[in-house]
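Peer 1: Take this structure, written in structure tokens, and hold onto it; I'll ask about it next.
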Amino acid sequence: MHIVGADNYHEANDAVREILMMYVDLADATAGFGHNADVHVRFDPFKFVDAEVDDADRYHYVDIDLLRAGSAVAILCAFYDLWLEEQEVEQQTLTKRFQAAVDEKRFSRFPDIESVIAEAIARNSAPIEDLWMNQAVAPIYRTYVLGFFARLAKRGRSGVGRQRPLSTISGHSARRLPNARYRPVADIQPLTSGGS
């Protein structure tokens, strides 16, 4: 497990930036999981999927919930690409890393993602016409990606839903966002243009 603190929070923030780019790409380019959806991910998502924050120094500006969830989604994106290769999963060199993460319960905060990866490894392969994987990842996309954007939209400019700073360091607020509750977004209304 990786600890985010004063000496390395910049790395975690860079990872969050890449996660946001991935989320936008998932929502805009493919409206769900698609081939090479993790193209913006240069960090190692296995490093952050179960990361913790060093509360001793509180010198961090990292949305740890987004960092963990986005890392789990990035891992699933990489696995999704592996699945699309139409080869047996067990023959892929990366499969051992996915299996180890499942075995070590590194996805404990994301049982839905863990379940899809474990099931896919157990299935080992599927013909291209088998829609199981696409059906399995659709609710994950709605829960984490669309859910993230829905929470942002709900906050709006009013700041509703934002937590007060825990402490102030050098005139900047150091805060941790509340534990996000990731729920599927059943229906997101499109934005309309025009007056009301």
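The values are calculated or read from the model by the stated rules, or taken from the named source; none is laboratory data. Keep in mind that what you see is a predicted model, and the values were worked out from it rather than measured. Positions of Cβ are backbone-derived with ideal geometry, glycine not excepted, and every protein chain shown enters the neighbour counts. Calculation scope for accessible area: heavy atoms of the full protein, side chains included, ligands and nucleic acids excluded. Shrake-Rupley method; radii C 1.70, N 1.55, O 1.52, S 1.80 Å.
Peer 1: Across every pair of different alpha-carbon atoms, what Kirkwood hydrodynamic radius in Å does the range 1-98 reach?
Peer 2: 14.2 Å
Peer 1: Explain nothing, just compute: Karplus ³J(HN,Hα) = 6.51 cos²θ - 1.76 cosθ + 1.60, θ = phi - 60°, for every residue of the range 113-118 in order, whole Hz, x for Gly and Pro.
Peer 2: Calculated HN-Hα couplings, in order: 5, 4, 4, 5, 5, 4 Hz.
Peer 1: In addition: Please give the per residue accessible area of the range 1-128, computed with a probe of 1.4 Å over protein heavy atoms only, in Å². Before the final figure, lay out the partial values.
Peer 2: Working: 6110 Å² over 128 residues.
Ligands and nucleic acids excluded, the result is 48 Å² per residue.
Peer 1: Ok, one more. Using 1/(1 + (r/R0)^6) with R0 = 30 angstrom and r between the beta carbons of A126 and A29, what's the FRET efficiency to the nearest 0.05?
Peer 2: Result of the calculation: an efficiency of 0.80.
Peer 1: Can you grab the distance from the C-alpha centre of the range 24-45 to the C-alpha centre of the range 107-155, Å, no decimals?
Peer 2: Between the Cα centres of the range 24-45 and the range 107-155 lies a distance of 13 Å.
Peer 1: Here is a follow-up. Explain nothing, just the number: dipole magnitude of the range 1-155 about its Cα centre with +1 on each Lys and Arg Cβ and -1 on each Asp and Glu Cβ, in debye rounded to the nearest 20.
Peer 2: Approximately 500 debye in magnitude.
Peer 1: Mind giving me the nanometre distance, one decimal, between the label points for E119 and A138, set 7 Å out from Cα along Cα→Cβ?
Peer 2: For E119 paired with A138, the spin-label model returns 1.2 nm.
Peer 1: Can I ask one more? Quick one: with all protein chains in place, what share of the accessible area of the range 1-119 is carbon or sulfur, to the nearest percent (1.4 Å probe)?
Peer 2: 47 percent
Peer 1: Now for a separate question. Can you tell me how much longer the chain between N8 and R109 gets when fully stretched, taken as 0.36 nm per residue apart minus their C-alpha distance, in nm with one decimal?
Peer 2: Details: separation 101, 0.36 × 101 = 36.36 nm, distance 2.25 nm.
Separation in residues times 0.36 nm, less the Cα-Cα distance, equals 34.1 nm.
Peer 1: Enumerate the amide H contacts of V53 below 5 Å, restricted to partners 5 or more residues apart or on another chain; note that Pro and chain-start residues carry no placed amide H.
Peer 2: Under 5 Å from the amide H of V53: V4.
Peer 1: Can you tell me the order of 23-29, 42-48 when each peptide is scored by its average per-residue count of other Cβ atoms within 10 angstrom, highest first?
Peer 2: 42-48, 23-29
Peer 1: Each residue of the range 24-40 in order: what ³J(HN,Hα) in whole Hz does its phi give by Karplus 6.51 cos²θ - 1.76 cosθ + 1.60, θ = phi - 60°, with x for Gly and Pro?
Peer 2: 4, 5, 4, 6, 8, 7, 10, 6, x, 5, x, 4, 6, 5, 9, 4, 7
Peer 1: When we measure straight from the Cα of K96, which lysines land under 26 angstrom away, once same-chain ones fewer than 8 places off are left out?
Peer 2: The reachable lysines, counting only those whose Cα sits under 26 Å from K96, are K47, K105.
Peer 1: Okay, next question. If you count only protein heavy atoms and use a 1.4 Å probe, how large is the accessible surface of V116, to the nearest 10 Å²?
Peer 2: The accessible area comes out at roughly 10 Å².
Peer 1: Going by a ≥ b ≥ c, the root eigenvalues of the Cα gyration tensor, does the range 87-157 fall in the rounded group (a/c under 1.5), the prolate group (a/b larger than b/c) or the oblate group?
Peer 2: oblate
Peer 1: With θ set to phi - 60° and the Karplus curve 6.51 cos²θ - 1.76 cosθ + 1.60, what are the ³J(HN,Hα) couplings of the range 133-145 in order, to the nearest whole Hz, using x for Gly and Pro?
Peer 2: For the range 133-145, the Karplus curve yields 4, 4, 5, 6, 8, 4, x, 5, 4, 5, 5, 8, 7 Hz.
Peer 1: Among Y61, V102, F43, whose Cα projects farthest towards the positive end of the dipole of the range 33-130, with charges put on the beta-carbon of Lys, Arg (+1) and Asp, Glu (-1)?
Peer 2: Sorting the options by dipole projection puts first Y61.
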